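K.L.:
I'd like to ask some things about the structure below.
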């Protein structure tokens, strides 16, 4: 029964608060720059994805998917990438459409269910012929995308051996509602500004395709997804988008070991983002719920050279299934 009964995570003394766990790793974890090597992957629809490679070689490859309005250089991505490279993994951290510092070419952007882009990255990596084993790890939105991909591609010939999803909103509708709570409004306000800034840039390029931007009426994920995400990516409305793309719907189809690592105090998540009942009966989907950790936090130590608990835990899980 892959329901981890007792997590080993213990927060750094004084950092038990979920907001401290969420904020400090993002704003105060100063890491030395990593020697990334960038590659541009041209897509069949005329768009592109920017891929960042670390320690490229042979053997095992870990493909990392970042979170909402993130990129491959965010501390949480760089932290897991560095920890993996230290354990002799090759790492590919890809940037979603419009997230690499350059606006993408098409009217569309990325979204929680854009697993076709992850599929293009995985296929490209596999076709290099350099890697015997591929594994996936995703953060938040990228975690949802990772689980969706694993559920969709269970019969794929691409050799993905295992996956990890960290701080993942497995139920997008419930998580979107959770982000409307007053105590998380500062986070939502930041996301709103970044998302609308990008849509403003997109509207300048495609004025007839992008709806009017009015921050007064696009303050929540429901409003943003109804106005932009859903119609511009082929969904009737926000609810249809959430229903089609939530990871919970794809968990029964996963046929490789997958770990969902969600903190019980994650301020971004709702109860339905913790699939306890399903994991207790699944031979494939493992669920670990530390009491503390915040959202993409899990800070148990301090120092620019330290690997955080979540990074070690994710790699230990993957390495138990990824041998070369």
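K.L.:
Which residue is nearest to residue 257 (Cα to Cα), if the candidates are limited to the range 1-31 and must be at pLDDT below 90 and touching a strand residue (DSSP E or B) at 6+ places or on another chain (Cβ under 7 Å)?
P.N.:
Among those residues, the one meeting the criterion is 2.
K.L.:
A further question on this structure: Residue 229 fails exactly one of the following numbered conditions: (1) touching a strand residue (DSSP E or B) at 6+ places or on another chain (Cβ under 9 Å); (2) under 28 Å from residue 97 (Cβ atoms); (3) assigned to a helix (DSSP H, G or I). What is the number of that condition?
P.N.:
Single failed check for residue 229: (1).
K.L.:
Still on this model: If the requirement is being crowded, with 19+ Cβ neighbours inside 10 Å, modelled with pLDDT of 95 or more and within 18 Å of residue 164 (Cα to Cα), which of these qualifies: 66, 111?
P.N.:
66
K.L.:
Hey, can you tell me all the residues within the range 199-222 that are part of a helix (DSSP H, G or I), crowded, with 16+ Cβ neighbours inside 10 Å and modelled with pLDDT under 95?
P.N.:
199, 202, 203
K.L.:
Going by the conditions given, is residue 167 modelled with pLDDT of 95 or more, in the same structural domain as residue 236 (by TED's automatic domain parsing), within 27 Å of residue 274 (Cβ to Cβ) and surrounded by 17 or more Cβ atoms within 10 Å (Cβ to Cβ)?
P.N.:
So residue 167 does not fit the description; no.
K.L.:
Looking at the range 266-308, which of its residues are surrounded by fewer than 22 Cβ atoms within 10 Å (Cβ to Cβ) and part of a helix (DSSP H, G or I)?
P.N.:
271, 272, 276, 277, 278, 280, 281
K.L.:
A further question on this structure: If we scan the range 139-150, do we find a residue that is more than 17 Å from residue 233 (Cβ to Cβ) and in a strand (DSSP E or B)?
P.N.:
yes
K.L.:
Is it the case, given these coordinates, that residue 56 is touching a residue at least 40 places away in the same chain (Cβ under 8 Å), assigned to a loop (DSSP other than H, G, I, E, B) and in contact with a strand residue (DSSP E or B) (Cβ under 8 Å, 6 or more places away or on another chain)?
P.N.:
The answer is yes for residue 56.
The values are calculated or read from the model by the stated rules, or taken from the named source; none is laboratory data. Quick caveat: nothing in here was measured; it's all calculated off a predicted structure. Backbone-built Cβ (ideal geometry, glycine too); neighbour counts: all protein chains shown.
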